[in-house]
């Protein structure tokens, strides 16, 4: 008689995953011989060689959405600018990051990422902050982070990595460790060239490369029926070249309200009349749809996140 498989993290077996159902709302499945889907941490990296395409903003949106839906979120800030870290950590907590940061974590031979985590200002979101000392790790193995990710299993549902606008072993560490890699693009030639570059080098440099997608940032519905114009021209270009675009529902709309969410720490809502939050149903829907792409089943996103 064949022995039942058993998850090395939670102990669930082929015949009993009740605690997984209680945790996720859906039955688990096997993602490895001894690891169930309820315990695996899904890793998503946001990467582009072009700065200013919205990588950090999108990381903020997805993290807040998923945390509000009850998932356990870990952020890794790989960008020397520290923008993601400064958004989620106040000045007092930033003092902790002098010893608890991603450079220190990846230099640690014990390879335990959890030892370098700092709690953020938002419940359900933790972060491993960036540091200028990342610049000293340019010769680090491109698969170091991938070997460390299993230390997160059973503790976090998703890990979101904000990459710098470069192409080096830091970015390759993120992509090698990721289940999904998202490249946001604006409606400009520089974003397009960055996507072309990634489409050529990532399959060459990443073993078993898969699940790379291009996300349109700044989509304007007013021009979706147009047969010409800047937006339509770039969309046709991406489609003609066969780029793997994310679903239309996930394209982030053009809006000036993004700075309210990012710079002033406002929440986003799809419901009118709520005080002190940003009402933008199109942005709310796009972020919710994007966040849902990384998980099976329905994501229960509240009206405000």
Quick check on residue 100: is it buried (at least 18 other Cβ atoms within 10 Å of the Cβ) and in contact (Cβ under 8 Å) with a residue 40 or more places away in the chain?
no
For the range 259-286, the count of residues that are loosely packed, with under 13 Cβ neighbours inside 10 Å and free of Cβ contacts under 8 Å to residues at least 12 places away in the same chain equals 7
If we keep only residues of the range 80-95 that are closer than 16 Å to residue 122 by Cβ and at pLDDT 90 or above, then the residue nearest to the chain's Cα centre (by Cα) is 84
Among 10, 28, the single one that is in contact with a strand residue (DSSP E or B) (Cβ under 7 Å, 6 or more places away or on another chain), at pLDDT below 90, closer than 23 Å to residue 177 by Cβ and not in a helix (DSSP H, G or I) is 28
Going through (1) in contact (Cβ under 8 Å) with a residue 24 or more places away in the chain; (2) more than 30 Å from residue 260 (Cβ to Cβ); (3) touching a helix residue (DSSP H, G or I) at 6+ places or on another chain (Cβ under 9 Å) one by one, residue 168 fails only at (3)
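The values are calculated or read from the model by the stated rules, or taken from the named source; none is laboratory data. These numbers were taken from a predicted model, which means no experiment stands behind them. Glycine gets a Cβ as well: all are built from the backbone with ideal geometry, and neighbour counts include every protein chain shown.
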